[in-house]
Amino acid sequence: MGFNKEYFKKVYLNNLCTLCETNLEEATLLDKYNALVYTIRDDLYKKWVNTNKIRKENNVKKVYYFSLEFLPGKLLDRNLIYLGIKDLCNEALEEMGISLKELEELEEDAALGNGGLGRLAACFLDSMASLQLPGCGCGIKYKYGLFKQKIINGYQVEEEDNWLKSGGLWGITKIDKCVEVKFGGNVKSIYENNKLIFKEENYHSILAEPYDVPVLGYKNEFVNTLRLWRAKSKKDFDFDYFSLGEYLKAVEEKVDIESISYVLYPDDNNYKNKVLRLKQQYFLVSASIQSIINEYKKSNKINSFHEKIAIHINDTHPTLAIPELMRILIDYEGLSWQEAWHITVNTISYTNHTIMPEALEKWPLHMVKELLPRVYMIIEEINKRFYERVLREKGEQKAKNIAIIFNNEINMAKLAIVGSHSVNGVAKLHTNILKSEVMRDFYDIYPERFNNKTNGITHRRFLLKSNTKLSNLISESIGDCWIKSPKELKKLESFAEDKSFCEKLQCIKKENKIELSKIIKDSTGIIVDENSIFDVQIKRFHLYKRQLLNVLNIIYMYNEVLQNRDVFPRTFIFSGKAARGYYEAKQVIKLINALGEKINKDSRVKDKIKVVFLENYRVSLSERIFPAADVSEQISTASKEASGTGNMKFMMNGAITLGTLDGANVEILEAVGKENIVTFGLKAEEVLNYYKNRNYNPFEVYNREPIIKNSVDKLVNGFLDINRDEFKVLYNELLRRDEYFVLKDFMEYIKAQKKIEQLYKNTNVWNKISITNIANSARFSSDRTIKEYAKEIWNIENIK
Ligand SMILES: *Cc1c(COP(=O)(O)O)cnc(C)c1O
């Protein structure tokens, strides 16, 4: 921008005055933050306008990424780095007596997502912009994001997340680009000019108002858009009621309508058939498709829609995009069913994120019929045509297996497969399970649709931005090309036994651990030893992720220490939220805190073991933890974690994976070799066989192995300073069902933990493993993932 410090200061002070109505002496921290965003925005928006202009001139194919969740985290620091003006800005602010760090801390995380799925969407936007691929994220502007978590008396307590209170100034509301979304009513079929047409009647219509956030690429002047929709009532109040003095009634409808974009559902990997959620899904899809078509028709003919537009649906949540696109093409654009179907299938592609039965969306027929009568008719027709085809070609049994509508429910995954040209899983293992088990019948019919796209993460946020020290060391050693071409990281392998490099790496890890120790002390009061192994499990709380397995090992180790057996000092760090209504997961949080209470204050343990729970896990907190981790706990039951992305963030920061052969862990093993990772436990195939044959008996395992019995009993025998019934539910789950094979994998996990200890004691070996992990992490950059999507699914090209 030809930005220099003096110019920056001038613009900044001017913004403080003209946009915040204050001056340097009077300004609050929020004023100072807002003025900074305005100052950066100037430059950012110019680049944005320019990118849009170039894109339109080129009239190239564009992808729209539909997702109910986006989890970008904080934007200030990122945008400064991506613009290449962080140092300049830091110095200029300093000269005015303002601390950039303080302003960064003031900014709220944009947490419009639960966890991995939403973070993936944010990483994809980052990579698309950095690779100059024309793309646009489409989501909902939830007024309240994922709840904030407080730990009170060891329990999770939820508080609302009013993320817009620190401005929301990055984006811009486009009032004149509102579209109308219709709910309810009925459909009338009539003949007009010898053609059957459908008219929607008696519906309620609401407005969808777009809020566009610029998504800047890394030092490339390229800016994509994240479009977030807000639900808005057409009328602010009903004048008739107002005149009668019935003020509440007068605004009732407005409140009801605006509730659609009020709050994010806090359930991860768990489907609930709530009508408000269905409204959210349709609201996103209908508004986005209408706005895409409006823009598209300005310069193109509808028949070649799929040649210029790709729409990707992130999990089944936006699957209504399929019938909605059909509806618009048929009812508004006048296309025939066949023409519309051809365009729809060739436009839409779908990513499956899980095989967990409780996460599979199945909407009750009556709910869809009442809320979306025309969409419902189209789904019925899609189902009928597909069913009849399969019946004809493959017989009755197959036809039954693939029915989209069954038992008065619409199976959204089936609808998504039938209505799209590409179905992908998110790691090799997961895609193979889809093909051979969960979606076998569909793979049989459409083998060419199925493909794998292993997830990735943006190395620019999770290494460059969050681990500055390590990034600098890497750049000093191999140059800074890795920031744009992460494959360059491979060059680090030649430093695996370089004494000076290893010492620096170790030093950096230590400094990062000291910084995290401060956060731990401030947040929990616990003092930890930065020379201990930082053993970290941070992710959503879910029984399949098996935080409980980690806990049982801690109980075992604690016992070992008390028996005076040699144990290398460890700090176990946990962080993560549980869905509000998920009792068992919340009890695991309580269990960790209860165990920490007991161990951390036991003087006999003498700092050999510390157990820490950091509250309110979120992107910005995670960025402080990954750089300080030695051990990455990725211990889900094999077959359950479709990919995982936390595992990749740890690896890139030089932590060593302790994991099961699940999700992308399998590919981490492939990338680093078996000497550079510690794996254990049942294989996916074994787990799936146990489910099929129903021949796993946890009670037998418990009785056979005293170590297991000993640890498990401590949940209920008064060992913890708590009511003996507190953890009864967890205890019973382990003994009676153990759906996730915690007990089955326990002994092997203990062994794996001992292996970690052995490796850590040998500093040279540990450093070498750590470097090998960093050096081979490029394949887990979302740049690699997005290039594959662009080439193999979307057929889009970058703009030079
Ligand atoms: C990466 C990330 C996740 C996903 O972690 P997994 O270990 O893959 O479950 C969840 N939440 C946040 C905030 C993240 O940054």
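A cut-off of 5 Å between modelled amide H atoms, ignoring neighbours fewer than 5 places along the same chain, links V263 with K143, Y144. Among 388-401, 469-482, the peptide with the highest mean count of other Cβ atoms within 10 Å heads the list, and the full ranking is 469-482, 388-401. According to the calculation over all Cα-Cα pairs in segment 558-609, the P(r) per 5 Å bin from zero is 4, 17, 25, 18, 14, 10, 7, 3, 0 %. The charge dipole of the chain, taken about its Cα centre with unit charges on the Cβ of Lys, Arg, Asp and Glu (plus for the first two, minus for the last two), comes to roughly 1440 debye.
Would you please name the GluC sites (Glu not before Pro) within segment 276-353 that are DSSP coil residues with at most 16 other C-beta atoms within 10 Å of their C-beta? Filter output for segment 276-353: E333. Quick one: grab the alpha carbon gyration tensor of segment 335-397, order the square roots of its eigenvalues as a ≥ b ≥ c, and give me rounded if a/c is under 1.5, else prolate or oblate depending on whether a/b is larger than b/c. It is rounded, given that a/c, with a ≥ b ≥ c, falls under 1.5.
Remark: the D87-E685 segment gains 210.1 nm on full extension, using 0.36 nm per residue and subtracting the alpha carbon distance. Averaged over residues, the count of other Cβ atoms within 10 Å places the peptides 263-269, 130-136 in the sequence 130-136, 263-269, highest first.
Compared with the alpha-carbon gap, the fully stretched path from T18 to K272 is longer by 86.7 nm at 0.36 nm per residue.
When only alpha carbons of segment 138-180 are considered, Rg and Dmax amount to 15.3, 49 Å. For E705 and N220, the FRET efficiency from 1/(1 + (r/R0)^6), where r spans their Cβ atoms and R0 equals 51 Å, is about 0.35. Sorted from longest to shortest, the spans of the Cα atoms of segment 177-266 along the three principal axes equal 54, 51, 27 Å. If R0 equals 51 Å, the separation of the Cβ atoms of I519 and E246 corresponds to a calculated FRET efficiency of about 0.45.
Once the 1.4 Å probe is applied to the protein heavy atoms, the chain comes out at 41 Å² accessible per residue. The Rg/Rh ratio for segment 87-208 is 1.15, where Rg is the radius of gyration of the alpha carbons and Rh is the Kirkwood radius. Straight-line cross-link partners of K394 among the lysines, defined as a Cα under 24 Å from its Cα and at least 8 positions apart when in the same chain: K384, K414, K435. Contact order for segment 139-184, expressed relative to its length and based on alpha carbon pairs under 8 Å spaced 6+ residues apart, stands at 28 percent. For the cross-link pairs K453/K787; K148/K539; K577/K714; K521/K610, the ones whose C-alpha atoms lie over 19 Å apart are K577/K714. Please go through segment 135-182 and write out the GluC sites (Glu not before Pro) that DSSP classes as loop and that have at most 16 other C-beta atoms within 10 Å. Within segment 135-182, the qualifying GluC sites (Glu not before Pro) (loop, at most 16 other Cβ atoms within 10 Å) are E160. Computed per residue of the chain from DSSP H runs no shorter than four, each worth -39500 (n - 2.57), the mean residue ellipticity at 222 nm is -14000 deg cm²/dmol. Put simply, the amide H of D268, placed in the peptide plane, has neighbours under 5 Å in A579, leaving out anything fewer than 5 places away on its chain. Rolling a 1.4 Å probe over the protein heavy atoms of segment 222-325, with every protein chain left in place, gives an accessible area that is 52 percent carbon and sulfur.
In a simple Cβ point-charge model (Lys, Arg +1; Asp, Glu -1; nothing else charged), segment 13-76 has a dipole of about 700 debye relative to its Cα centre. Taking chymotrypsin sites (Phe, Trp or Tyr not before Pro) across segment 667-719, none is in a DSSP loop with at most 16 further Cβ atoms lying within 10 angstrom of its Cβ.
Amide H contacts of F406 (H built 1.01 Å from N, in plane; Pro and chain starts excluded): N411 sit under 5 Å, all sequence-distant by 5 or more or on other chains. Note on segment 658-780: percent of Cα-Cα distances in each 10 Å bin, starting at 0 and stopping at the bin with the largest distance, equals 11, 32, 29, 21, 7. Net charge of the neighbourhood of T173, taken over other residues with C-beta under 15 Å away and scored Lys/Arg +1, Asp/Glu -1, is +4. Between segment 651-724 and segment 781-800, the alpha-carbon centres lie 36 Å apart. Taking a sphere under 13 Å around the Cβ of S420 and counting the other residues whose Cβ falls inside, with K and R at +1 and D and E at -1, yields a net charge of 0. Can you grab the distance from the C-alpha centre of segment 134-213 to the C-alpha centre of segment 563-614, Å, no decimals? The distance from the Cα centre of segment 134-213 to that of segment 563-614 comes to 40 Å. All other residues whose Cβ lies under 12 angstrom from that of L429 are scored, Lys and Arg at +1 and Asp and Glu at -1, for a net of -2. Dividing the C-alpha radius of gyration of the chain by 2.2 N^0.38 Å, with N its residue count, gives 0.98.
Using the 2.2 N^0.38 Å rule of thumb for compact globular proteins, work out how segment 1-127 stacks up: its C-alpha Rg over that value, please. Show your work: numbers first, answer last.
Values: Rg = 16.8 Å, N = 127, 2.2 N^0.38 = 13.9 Å.
Its radius of gyration relative to the 2.2 N^0.38 Å reference: 1.21.
Here's the list of aspartates and glutamates a cross-link from K606 could span, going by alpha-carbon distance under 15 Å and ignoring same-chain residues fewer than 8 apart: D529, E530, E560, D566, E597. Dimensions of segment 267-405 from C-alpha coordinates, computed as largest minus smallest value along each principal axis and given longest first, are 44, 40, 28 Å.
Counted residue by residue at 0.36 nm each, then reduced by the alpha carbon distance between them, the extension gain from S485 to Q338 reaches 48.6 nm.
The values are calculated or read from the model by the stated rules, or taken from the named source; none is laboratory data. The structure presented is a predicted model; accordingly, all values stated were derived computationally and were not measured. So basically every Cβ, Gly included, is an ideal-geometry build from the backbone, and we count neighbours across all protein chains shown. Side chains included, ligands, DNA and RNA excluded: accessible areas come from the protein's heavy atoms. Shrake-Rupley method; radii C 1.70, N 1.55, O 1.52, S 1.80 Å.
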